[in-house]
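Please treat every number below as a calculation from the coordinates, not as lab data. Quick caveat, the model's predicted, so the values are computed rather than measured. Cβ atoms come from the backbone with ideal geometry, glycine included; neighbour counts cover every protein chain shown.
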Amino acid sequence: MASAMRLARRPPIAFSLALVAILVAPAQARAHALLVESSPADGAVLAAAPPRAILRFDSRIEGQLARAILRGPDGRATALEADGSAEPPDRVSFALPALAPGDYRLTYRVISVDGHATPGQIRFTIRTEPVAP
Ligand SMILES: [Cu+2]
């Protein structure tokens, strides 16, 4: 009786494999098209408005399918156009409109070549220009 209960408590191999698959899957899902760097960098405080935002990933992305939305200090959301078929395949750039000083949040979504989507965001601040003495 006691040995039968011990046997019943031992997890079946299929269950163990399923558990391993569950533990490993999220790591694999994160393993592609991670943002490596951006310009502006996340959290950057800039003295002047940048003409474009550039995102670089750790793998190739489908540049044509990249999307981004910029929210500025007025709260308005502006859809940005991904530009640059000439970009290296691991990056995408977005032309920015003329930006007033303030806090900005760029929300992006890119598709890696294996079809997985990577969403994310970067924040940056354009300083108010100092008054000339
Ligand atoms: Cu993938």
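Can you give the net charge of the other residues whose Cβ lies under 11 Å from the Cβ of residue 119, counting K and R as +1 and D and E as -1?
+2
Would you mind listing how long region 35-133 runs along its three principal axes, going by Cα atoms, in whole Å with the largest first?
54, 23, 20
From the phi angles alone, apply the Karplus equation (6.51, -1.76, 1.60; θ = phi - 60°) to region 44-61 and give each ³J(HN,Hα) in whole Hz, x where the residue is Gly or Pro.
Working through the residues one at a time gives 5, 10, 10, 7, 9, 5, x, x, 8, 10, 10, 10, 10, 10, 8, 7, 5, 10 Hz.
Share of Cα-Cα pairs in region 66-114 beyond 13 Å, in percent?
For region 66-114, the fraction of Cα-Cα distances above 13 Å is 59 percent.
What's the ranking of 111-121, 87-97 by average number of surrounding C-beta atoms within 10 Å, highest first?
Descending packing order for the listed peptides: 87-97, 111-121.
Hey, with R₀ at 25 Å, roughly what FRET efficiency would residue 46 and residue 114 work out to, going by the Cβ-Cβ distance, to 0.05?
For R0 = 25 Å, the calculated efficiency reads 0.15.
Skipping prolines and chain starts, which residues have an amide H placed within reach, meaning under 5 Å, of the one on residue 121, given they are 5 or more residues away or on another chain?
Amide H neighbours of residue 121: 108.
Got a sec? Which residues in region 60-96 would a label at residue 103 touch, if it sits 7 Å along Cα→Cβ and we count backbone N under 12 Å?
The answer is 72-75.
Got a sec to turn the phi values of region 109-115 into Karplus ³J(HN,Hα) couplings, 6.51 cos²θ - 1.76 cosθ + 1.60 with θ = phi - 60°, whole Hz, x for Gly and Pro?
8, 10, 10, 6, 5, 8, x
For a quick check: with amide H placed at 1.01 Å from N, whose amide H comes under 5 Å from residue 33's, ignoring anything fewer than 5 positions away on the same chain?
So residue 33 has HN proximity to 58, 59.
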